[in-house]
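The values are calculated or read from the model by the stated rules, or taken from the named source; none is laboratory data. Predicted model, so just to flag it, every value in this text is computed and none were measured. Using ideal geometry, Cβ is built from the backbone for each residue, glycine included, and neighbour counts are taken over all protein chains shown. Accessible surface areas use protein heavy atoms only, side chains included; no ligands, DNA or RNA. Shrake-Rupley method; radii C 1.70, N 1.55, O 1.52, S 1.80 Å.
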Amino acid sequence: MANELQSYFESATSIEALDNILENAVATGVVGAANDPYPLLKIDQASGQLIFGAENIVLVTGSDWVVNPYSFEQGWVAWDDNRTKKGEIMVPLGEKVPEPSQTGIGWNWTEQIAFQLADVDDPSMVIKLCNSSKGAQKAFASLLAAMRSRPDQAHAAPVVRPFTSSYELKKFGRTVWEPKFPVSDWMNPETGARFGYVKAGADAAPEVD
């Protein structure tokens, strides 16, 4: 377990450097994922469930996942009318994001974010949120804000309990689902130690029977 966690958090970025990156990202505004082997986390718009991978595995509501604080990415993505990806520009959080206009390609670019999550009970199971929806961008911003106000410096990895919420888009007569990542605890990415923090408040995952 310890080796798996160390591998998951492996990065040349120190916690001190991470804090500088977070401060600059909040000050300048983030925009957010490069191709890699991790299964993508997404929402089944029919059921509202969080699912991941080619097999559409349902993520259990109330389960704990630890966010890799060194995995945040920001950038742009372009889709055509058939929802086929035409282009993507992604960089690690803290690096300057190229403007799409610099490509000389006039696609309809949209801001995109990304980060990795590992199953706390099985750190070898790593998934990735890579999304350009407004809901995902709000969740991304909330995580960055939470990390800046974490209980101490060392516990820099948020442990979250993902779930979805919804609202009605009356103009188009449909339900829009958004991902939520409320923080339930904090983890030290260097040791894997838990802080034992439990967040109170309205933005919490529903109870599981």
Report summary line: Of the residues Val77, Val67, Gly94, the Cα lying farthest along the dipole of segment 61-111 towards its positive end, which is defined by charges on the beta carbon of Lys, Arg, Asp and Glu, belongs to Val77
**Report entry** GluC sites (Glu not before Pro) restricted to segment 71-169 and DSSP loop, no more than 16 other C-beta within 10 Å
**Finding:** Glu95
**Report entry** Placed amide H near Trp186: partners under 5 Å, 5+ positions off or other chain
**Finding:** Val159, Phe195, Gly196, Tyr197
Report summary line: Residues other than Glu16 with Cβ under 15 Å of its Cβ, Lys/Arg counted +1 and Asp/Glu -1, net out at -2
Query raised in the report: What is the extension gain from Ile51 to Ser124, computed as 0.36 nm multiplied by their sequence separation minus the C-alpha to C-alpha distance, in nm to one decimal?
Result: 24.5 nm
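Express the carbon and sulfur contribution to the solvent-accessible surface of segment 41-101 as a percent, rounded to the nearest whole number, probe 1.4 angstrom.
About 49 percent, which is the carbon plus sulfur part of the accessible surface.
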Query raised in the report: How would you order 146-159, 45-58 from highest to lowest mean count of nearby Cβ atoms within 10 Å?
Result: 146-159, 45-58
Query raised in the report: Under a straight-distance cross-link criterion of Cα-Cα below 19 Å, which aspartates and glutamates are reachable from Lys86, leaving out those fewer than 8 residues away in the same chain?
Result: Asp36, Glu73, Glu99, Glu111
Report task. Go through 118-125, 182-189 and give me the packing order, highest mean Cβ count within 10 Å leading. Result -> 182-189, 118-125
